[in-house]
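A short write-up of the structure that comes next.
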Amino acid sequence: MNSKVDIKTKDDHGHWYDNNIDPYKGLAEIIAVTLKNSLVSQQISFVDVPYRSKTKKSFLKKIEDKLTEKDYSPESMTDLAGIRIITLIEADVQKVCELIGNMFKIHHADSVNKSEKLGEEKVGYRSVHFVCDVGDVRAQLPEFSAYKGLCFEIQVRTALEHAWAEIEHDRGYKLGGKLPSHLNRRFKLLAGLLESADLEFNRLTVEIEEYSSKIQKSIHENKLDYELTNIGLKQLFQNKYKNLELQDYELINETGNILITELNKFGLDTLSKLDKEIQKSINQYTFQSRNTILGFCRDLMMIIDITKYFEKVFLDSQPWGATDIKTYEFLTQKYKQEELEFIFDKHNIFVFEEDDE
């Protein structure tokens, strides 16, 4: 395999492809799986890690194009196995590049940063392309030994860069040639907009992380004059009320937005106001253990003023039609059973035992 032979005709090239492509198919798959596992373990966010081996049609076309320039053989082709890492933001591209450098042997002479090639005054397709092999150490592992010396290409790009590449190259629109002036201008403006959006997403991500760190520090300093947000709620319960052992998974989805809306309607629109009510209530009442943040906050609002909760919040939010006996018993710390039964009956709320679920 991969032995240097005298190949002169298209048929010769086709035979070479048929006899040599199978290892590259396996190589592309194992590299993609290895990269995906490493990204997860390093907690680097990504959209996808697709992979492919070069098709025979693409292989033959590249050979034909290259032979018009210089003497070129199939052994010179470095992208018979291709892997693409699509990240969410630009900041993660650098993390991925460092990871690749630590995992594989990079052929720097064949690798390229398309952004650097564009320079300062041009916009367009941007991506980092690495040509690698598995390296001497990894090649000693049984699962990689069959791929020793074989090259593969890894492209690293953001989701927006990927979208641009799909439009410009992979979907066959071929917009890079000569266009009428008015279309060419729109084409360049679109490229610039995508690049600007990529940079802005990256800045926003950094600023959100900085905001989260700032709130965390302020919580430790007991300075809580912040608008109520999902980030603020998570930091408050993770840092100041960690002993309540509340589950915070719902804060990352639509349920978190529902909770923020309910707290605002109740009049708790800052971390400071919420914190004061939590401190006052947990000193007065015994809350349920191992609850969710959503459940805790609803219990909090009801124990503060159950009539206000049902008038201001419940009817305007997404009404819940049932609650467990633990919530009912929790509320009896403040309200009489007759009062609770009247309110729950009025709003068609069913109280169930755990065995009834």
Checking N348 against (1) among the polar types (S, T, N, Q); (2) within 37 Å of the chain's Cα centre (by Cα); (3) more than 23 Å from L268 (Cβ to Cβ), the condition it does not meet:
(2)
Positions within the range 324-334 being buried (at least 17 other Cβ atoms within 10 Å of the Cβ) and more than 20 Å from E245 (Cβ to Cβ), in sequence order:
Y328, L331
Can you find even one residue in the range 66-83 that is in a loop (DSSP other than H, G, I, E, B), of a type in the set (F, W, Y) and farther than 19 Å from R157 by Cβ?
yes
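Matching residues to (1) outside the structural domain of L294 (by TED's automatic domain parsing); (2) free of Cβ contacts under 8 Å to residues at least 60 places away in the same chain; (3) surrounded by 17 or more Cβ atoms within 10 Å (Cβ to Cβ); (4) under 22 Å from I44 (Cα atoms):
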site: K214; (1), (2), (3), (4): yes, yes, no, no
site: Q247; (1), (2), (3), (4): no, yes, no, no
site: T255; (1), (2), (3), (4): no, yes, no, no
site: L271; (1), (2), (3), (4): no, yes, yes, no
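Condition check ((1) surrounded by 14 or more Cβ atoms within 10 Å (Cβ to Cβ); (2) under 30 Å from R203 (Cβ atoms); (3) at pLDDT 95 or above; (4) not assigned by TED's automatic domain parsing to the domain that holds A165) across all residues:
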residue: I31; (1), (2), (3), (4): yes, no, yes, no
residue: V49; (1), (2), (3), (4): yes, yes, yes, no
residue: R52; (1), (2), (3), (4): yes, no, yes, no
residue: F59; (1), (2), (3), (4): yes, no, no, no
residue: K66; (1), (2), (3), (4): yes, no, no, no
residue: K70; (1), (2), (3), (4): no, no, no, no
residue: S73; (1), (2), (3), (4): yes, no, no, no
residue: M77; (1), (2), (3), (4): yes, no, no, no
residue: R84; (1), (2), (3), (4): yes, yes, yes, no
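Here is a yes/no grid of residues against (1) modelled with pLDDT under 95; (2) of a type outside the set (D, E); (3) surrounded by 13 or more Cβ atoms within 10 Å (Cβ to Cβ); (4) under 17 Å from M301 (Cα atoms):
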{"position": "F187", "(1), (2), (3), (4)": "yes, yes, yes, no"}
{"position": "D198", "(1), (2), (3), (4)": "yes, no, yes, no"}
{"position": "N202", "(1), (2), (3), (4)": "yes, yes, yes, no"}
{"position": "L233", "(1), (2), (3), (4)": "yes, yes, yes, yes"}
{"position": "K242", "(1), (2), (3), (4)": "yes, yes, no, no"}
{"position": "D275", "(1), (2), (3), (4)": "no, no, yes, yes"}
{"position": "K280", "(1), (2), (3), (4)": "no, yes, no, yes"}
Out of everything in the range 112-144 that is in contact with a Leu (Cβ under 7 Å, 6 or more places away or on another chain) and closer than 25 Å to N184 by Cα, what residue ends up being modelled with the highest pLDDT?
R126
Under 6 Å by Cβ, and 6 or more places apart or on different chains, what pairs join a residue from the range 325-338 that is assigned by TED's automatic domain parsing to the domain that holds I349 and assigned to a loop (DSSP other than H, G, I, E, B) with one that is aliphatic (A, V, I, L, M) and surrounded by 11 or more Cβ atoms within 10 Å (Cβ to Cβ)?
K334/I303
Scan (1) modelled with pLDDT under 90; (2) of a type outside the set (S, T, Y); (3) surrounded by fewer than 17 Cβ atoms within 10 Å (Cβ to Cβ) for the single condition A109 breaks and write down its number.
(1)
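The values are calculated or read from the model by the stated rules, or taken from the named source; none is laboratory data. Because the structure is predicted, anything quoted here is derived from the model rather than measured. Counting neighbours? That spans all protein chains shown, and the Cβs are built from the backbone with ideal geometry, glycine included.
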